[in-house]
Amino acid sequence: MAAYMRIPKTCQALLNAKYFSSVIGLRARLAFTSTARHAEFTSKRVRSMFTEFFRDRHRHKLVQSSPVRPRGDPSLLFVNAGMNQFKPIFLGAVDPRSEMAHYRRVVNSQKCVRAGGKHNDLDDVGRDVYHHTFFEMLGNWSFGDYFKEEACSMAWELLTEVYGIPPDRLYVSYFGGDAALGLAADEETREIWLSLGVPPSRVLPFGMRENFWEMGETGPCGPCTEIHYDHVGGRNAASLVNQDSPEVVEIWNLVFMQYTREVDGSLRPLPQLSVDTGMGLERLVTVLQGQRSNYDTDLFTPLLSAIHQSSRCPEYRGRTGQADDGNVDMAYRVLADHIRTLSVCIADGVYPGMSGAELVLRRILRRAVRYSTEVLLAPPGTLASLVPTVAQILGEAYPELYRETVRIMDIINDNEAQFLSSLKQGRGVIDRTLQKMGGAQLFPGSVAWSLHRNLGFPLDLIGLMLEERGVTMDTEAVDRLAAEEEKLKTHTEGPNRESCTELDLHSLSALQGAGIPHTDDSPKYRYSLDQDGRYVFPSCWSTVRALYSSQSLVSEVREGQRCGVVLDQTCFYAEQGGQTHDQGYFIRDGLQDVLFPVEAVQQVGGYVVHQVTAGDALRTGDRVQLFVDTAHRLACMVKHTATHVLNFSLRQLLGEGVEQRGSHVTPDRLRFDFSVRGSLNVQQLQEVEQKVQEVIAQNEDVYVQELPLALAKHIPGLRTVDEVYPDPVRVVSVGIPVPDLTNSSTDRPTSVELCCGTHLLRTGEIHDFVIVAERQLVKGVSRVVAVTGEEARKAREAGHTLVQEVESLSARLPSAGSALCTAHRLSKEVGQLTDAVENVLMPQWQRKELHHRLKAMQRSTNTAIRKLETSEAAGKAHVLLEKHGSKAVVVDTVEADSISVVMKVVNQYSDRAPGTKVMLLSHLQSGRVLCACQVPKGCSALSASDWALAVCSHLGGNAGGSSTVAKGTGNTQDITEALRWAEEFACAKSQH
């Protein structure tokens with residue numbers, strides 16, 4: 001006899017399932033039909049209803065969306081799910097001082113991009129009416145609070161009662177188990193849905209692919225249950241669930257985080273059970289607005305209308321597949337989707353580029369441009385003109401779109417212009433290749449791959465262009481070249497070396513379960529100046545709390561063993577905030593003559609882990625004394641304080657629009673990335689350096705104080721970056737005490753930032769500051785590299801020396817016109833100085849100035865060389881004309897040291913004897929032969945390129961050119977025989 005199902009606690013107060021389903025279903029159908037017809041559910045209202053439901057009814061904390069660039073997660077190109085920003089919580093690696101460490105119930109709407117990596121929808125966008133590269137993920141989370149029962153109940157309540165979706169339109173799926181992995185079916189979830197009134201025929205089991213969610217190749221994962229919606233209704237559509245049917249679509253996925261996927265593929269239970277749900281706003285709005293297509297909702301219709309106004313095609317009609325003549329409606333969908341992705345990504349600091357996420361965004365932009373110009377016949381600039389419409393639709397939820405509208409449009413326009421130029425160039429390459437193919441039907445894969453890799457041509461575009469010409473692309477060769485490049489990239493990057501410092505999730509849980517307190521790293525800030533003005537970094541005594549080796553906690557390590565060491569307190573700085581970690585060593589109590597070198601220091605989940613190669617046996621409970629490498633630490637402090645002053649100076653010079661996009665501080669130099677419309681010119685570089693030098697000269701005090709995060713964020717002029725800050729947070733202010741900033745007792749602008757790094761006590765210790773490099777990483781983001789102190793002085797000296805050398809060379813330049821050998825020598829010197837200026841560490845503003853001067857000098861020497869070569873060639877041509885006259889074929893030698901002179905003599909001879917076929921050879925002392933030839937236009941019997949190639953190949957070399965002019969090189973000891981062979985070849989060809 002079948003057992004009765006268990007009714008969850010949350011449903012005990014409800015009526016029986018059949019009555020609940022019928023009453024709620026009737027009420028929901030009435031409400032749903034009415035609201036859909038009156039378009040009551042705008043996208044803005046649907047979004048706010050979701051967040052308010054969980055915030056107000058179920059005590060969830062509303063958290064803002066994180067940017068689409070992942071925070072410190074190299075495993076992801078983009079944030080592709082709502083849970084990405086909460087990954088540290090699932091991994092147990094969250095900073096215990098941060099606000100995130102206290103999250104239990106959370107709700108938000110997260111900006112997501114799925115256009116690369118494990119989750120990639122790019123190729124599907126436009127082909128159907130529901131795939132997107134950018135979408136908004138509505139989600140609610142529980143971190144060790146509620147689990148399956150409450151998650152399912154809240155989801156059902158929201159969909160059927162708040163949004164009024166008829167229950168008879170909904171189907172749910174659950175994990176049906178996997179025997180190979182030893183995972184049983186999730187019968188608990190099935191019972192929960194049945195208790196909520198969902199008929200058994202609508203609760204459907206599926207396997208790993210459909211109902212087991214994984215964040216990536218490794219990390220938190222677990223079974224999931226999905227809610228699907230039937231757009232048609234009035235039928236049993238269970239057979240269409242998870243069948244990619246446009247009529248029955250998934251709208252909500254509830255993931256139950258129970259496991260973590262290890263590197264070896266195995267699953268281990270998580271120490272804390274959590275819930276991660278995700279519902280695409282676009283699909284939900286489609287349902288609530290009574291549409292079949294996401295593109296027929298108010299998230300897209302204003303964009304489609306704007307596209308129509310700019311194109312020369314009929315308005316959007318929503319067709320797909322073969323019904324979509326000319327792929328016009330597909331092009332509408334591609335533009336509408338891609339401009340949202342481009343706008344959101346660029347606003348969040350991801351710009352079209354040549355690698356990683358930037359390369360994906362470049363592909364998206366170029367795909368959009370192609371559909372815009374070639375399918376919709378829209379003029380250049382159409383794509384960027386859609387950005388204000390995106391901001392109008394999404395700006396209320398994501399105000400950065402309003403702030404960055406102009407920058408987004410500029411970047412899109414610049415990249416579009418570059419691509420259109422590449423298209424023109426690429427078409428020329430294709431045309432020339434087709435001519436060389438001589439009627440062959442298989443286009444070379446090497447050329448196609450070059451177009452794709454170097455000019456950014458989408459491979460599908462190359463295929464279409466070739467198809468129009470009746471030719472196919474050698475896809476096998478293209479695939480082989482792509483695989484080779486990927487293999488080379490993997491080999492270059494090398495295998496990931498397992499780090500002892502990355503405590504795994506279970507070891508972190510074990511430390512916490514054993515009651516081991518988080519590491520006290522406050523001693524890293526306990527340094528001071530002695531009476532002589534020198535920095536003193538005191539050592540500190542600590543106790544070994546844990547040892548980590550080979551992915552597990554151990555009680556002892558042996559001599560020579562590499563391990564991670566967790567101490568109760570440390571004076572070492574762990575790598576964070578852009579500042580590299582400290583170096584140094586510690587010694588074991590009672591073993592003073594054995595050093596334990598500290599190679600790296602990282603902070604994981606509140607524990608500071610020191611990477612050490614044991615100099616002797618080490619056990620938990622041992623007492624050790626820590627010594628920081630003071631020179632290394634002080635150099636980092638200098639660079640970090642200089643970085644803050646640089647950030648402030650750039651903002652003062654270029655305006656409040658300057659935003660930090662990244663920084664890195666090492667003992668040798670500092671690197672700072674920031675948003676700016678164009679590369680800095682010479683004057684701007686000088687002014688930035690001058691502003692930094694002024695702060696150094698004033699020897700300002702550097703004040704550091706911890707404040708509650710909420711109070712710190714209200715400090716006027718505060719600079720922050722996209723990070724999760726601890727609470728309380730350290731405020732670093734240059735020249736003004738922090739209390740004066742919080743009580744607004746000063747309006748003087750200064751550098752003030754939230755920062756966990758170590759800093760100087762006074763700015764004078766920077767001593768000197770020089771920007772030694774500056775370039776645009778991508779359009780809109782520049783990177784400066786700077787040095788300080790002694791390195792800055794050396795850079796100035798190097799720059800001064802090069803200026804003197806350029807001045808000296810400039811004074812000798814007028815002599816370039818006196819003789820060809822002098823001009824060549826001066827040209828070579830200009831090239832050598834150019835290389836030196838490019839590679840020597842020197843002030844960047846000075847480098848730019850010298851580059852400008854050297855380019856002018858190179859032009860001058862090149863002009864002198866051309867004039868002298870032309871004059872010399874004229875004399876040699878005159879001598880040869882007197883010797884040979886207008887013979888049909890002239891083959892002779894000429895004394896010249898460069899192919900350029902030989903070519904000019906041939907040209908001048910041909911100008912004076914236009915009917916003559918001329919080849920001249922210059923036999924150098926080394927045995928090398930320079931060859932140049934020219935034949936009259938229209939000469940069908942002899943091609944110049946064939947003639948030169950034959951002769952140079954005969955001499956063991958190579959040649960190239962056109963049918964009228966060609967040149968090449970070879971080697972011989974018998975120039976007379978070479979002349980005879982060249983003349984006989986020409987005569988033989990001319991007789992045919």
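The values are calculated or read from the model by the stated rules, or taken from the named source; none is laboratory data. Quick caveat, the model's predicted, so the values are computed rather than measured. Quick reminder, even Gly has a Cβ in these numbers, built from the backbone with ideal geometry, and neighbours come from all protein chains shown. The accessibility values were calculated without ligands, DNA or RNA, using every heavy atom of the protein model including side chains. Shrake-Rupley method; radii C 1.70, N 1.55, O 1.52, S 1.80 Å.
Figures for the structure shown
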{"quantity": "Condition check for Thr543: of a type in the set (Ser, Thr, Tyr) and over 36 Å from the mean Cα position of the chain (by Cα)", "calculated": "yes"}
{"quantity": "Among residues of the range 186-225, those that are among the hydroxyl-bearing types (Ser, Thr, Tyr), in contact with a strand residue (DSSP E or B) (Cβ under 6 Å, 6 or more places away or on another chain) and modelled with pLDDT of 95 or more, counted", "calculated": "2"}
{"quantity": "Any hit, the range 709-719, residues being more than 31 Å from the chain's Cα centre (by Cα), in a strand (DSSP E or B) and over 25 Å from Ile771 (Cβ atoms)", "calculated": "no"}
{"quantity": "Filter pass, Leu204 being open to solvent by less than 30 Å² (accessible area, probe 1.4 Å), touching a Gly at 6+ places or on another chain (Cβ under 9 Å), not in a loop (DSSP other than H, G, I, E, B) and not polar (S, T, N, Q)", "calculated": "yes"}
{"quantity": "Hey, Thr277 touching an Asp or Glu at 6+ places or on another chain (Cβ under 8 Å) and in contact (Cβ under 8 Å) with a residue 60 or more places away in the chain or not", "calculated": "no"}
{"quantity": "Pairs, first among the charged types (D, E, K, R) in the range 922-937, second assigned to a strand (DSSP E or B), C-beta under 6 Å, six or more apart", "calculated": "Arg928/Asn971"}
{"quantity": "From the options Gly662, Gly655, residue that is closer than 18 Å to Gly349 by Cβ, free of Cβ contacts under 8 Å to residues at least 12 places away in the same chain and either in contact with a His (Cβ under 8 Å, 6 or more places away or on another chain) or open to solvent by less than 60 Å² (accessible area, probe 1.4 Å) (or both)", "calculated": "Gly655"}
{"quantity": "Check on Pro388, more than 26 Å from Leu281 (Cα to Cα), in contact (Cβ under 8 Å) with a residue 12 or more places away in the chain and open to solvent by 30 Å² or more (accessible area, probe 1.4 Å)", "calculated": "no"}
{"quantity": "Subset of the range 959-985 (residues that are more than 22 Å from Arg928 (Cβ to Cβ) and touching a Lys or Arg at 6+ places or on another chain (Cβ under 7 Å))", "calculated": "Thr964"}
{"quantity": "Failed item, numbered, when Asp740 is tested on (1) among the charged types (D, E, K, R); (2) open to solvent by 70 Å² or more (accessible area, probe 1.4 Å); (3) farther than 30 Å from Val94 by Cβ; (4) outside any loop (DSSP other than H, G, I, E, B)", "calculated": "(2)"}
{"quantity": "First in the range 820-846 and of a type in the set (D, E, K, R), second anywhere and open to solvent by less than 30 Å² (accessible area, probe 1.4 Å), Cβ under 7 Å, 6 or more apart", "calculated": "Glu829/Leu809"}
{"quantity": "Complete set of residues in the range 663-699 that are in a loop (DSSP other than H, G, I, E, B), in contact with a helix residue (DSSP H, G or I) (Cβ under 8 Å, 6 or more places away or on another chain) and of a type outside the set (Ser, Thr, Tyr)", "calculated": "Pro667, Asp668, Arg669, Val676, Arg677, Leu680, Asn681, Asn699"}
{"quantity": "Number of positions in the range 948-992 that are β-branched (Val, Ile, Thr), more than 17 Å from Val906 (Cβ to Cβ) and surrounded by 18 or more Cβ atoms within 10 Å (Cβ to Cβ)", "calculated": "1"}
{"quantity": "Failed condition for Asn236, given (1) touching a residue at least 12 places away in the same chain (Cβ under 8 Å); (2) open to solvent by 20 Å² or more (accessible area, probe 1.4 Å); (3) touching a strand residue (DSSP E or B) at 6+ places or on another chain (Cβ under 6 Å); (4) closer than 30 Å to Thr42 by Cα", "calculated": "(3)"}
{"quantity": "Elements of type helices (runs of 4 or more DSSP H) contained in the range 305-394, each with 2 or more residues being under 22 Å from Asp124 (Cα atoms)", "calculated": "328-347, 356-370"}
{"quantity": "One residue from Ala642, Ala600, Ala546 being in a strand (DSSP E or B), in contact (Cβ under 8 Å) with a residue 24 or more places away in the chain and touching a helix residue (DSSP H, G or I) at 6+ places or on another chain (Cβ under 8 Å)", "calculated": "Ala546"}
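Matching residues to (1) at pLDDT 95 or above; (2) under 27 Å from Glu404 (Cβ atoms):
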site	(1), (2)
Gln660	no, yes
Val676	no, yes
Ser679	no, yes
Val688	yes, yes
Pro708	no, no
Lys713	no, yes
Tyr725	no, yes
Thr746	no, no
Glu753	no, yes
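To keep it simple, each residue is scored yes or no on (1) in a strand (DSSP E or B); (2) open to solvent by 10 Å² or more (accessible area, probe 1.4 Å); (3) more than 21 Å from Ser109 (Cβ to Cβ).
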residue: Arg127; (1), (2), (3): no, yes, yes
residue: His131; (1), (2), (3): no, yes, no
residue: Trp141; (1), (2), (3): yes, no, no
residue: Tyr146; (1), (2), (3): no, no, no
residue: Glu149; (1), (2), (3): no, yes, yes
residue: Ser153; (1), (2), (3): no, yes, yes
residue: Glu157; (1), (2), (3): no, yes, no
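Rundown of residues vs (1) under 17 Å from Tyr398 (Cβ atoms); (2) outside any loop (DSSP other than H, G, I, E, B); (3) at pLDDT 90 or above, yes/no style:
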{"position": "Arg27", "(1), (2), (3)": "no, yes, no"}
{"position": "Phe32", "(1), (2), (3)": "no, yes, no"}
{"position": "Lys44", "(1), (2), (3)": "yes, yes, yes"}
{"position": "Glu52", "(1), (2), (3)": "no, yes, yes"}
{"position": "Pro74", "(1), (2), (3)": "no, no, no"}
{"position": "Gly82", "(1), (2), (3)": "yes, no, no"}
{"position": "Val94", "(1), (2), (3)": "no, no, no"}
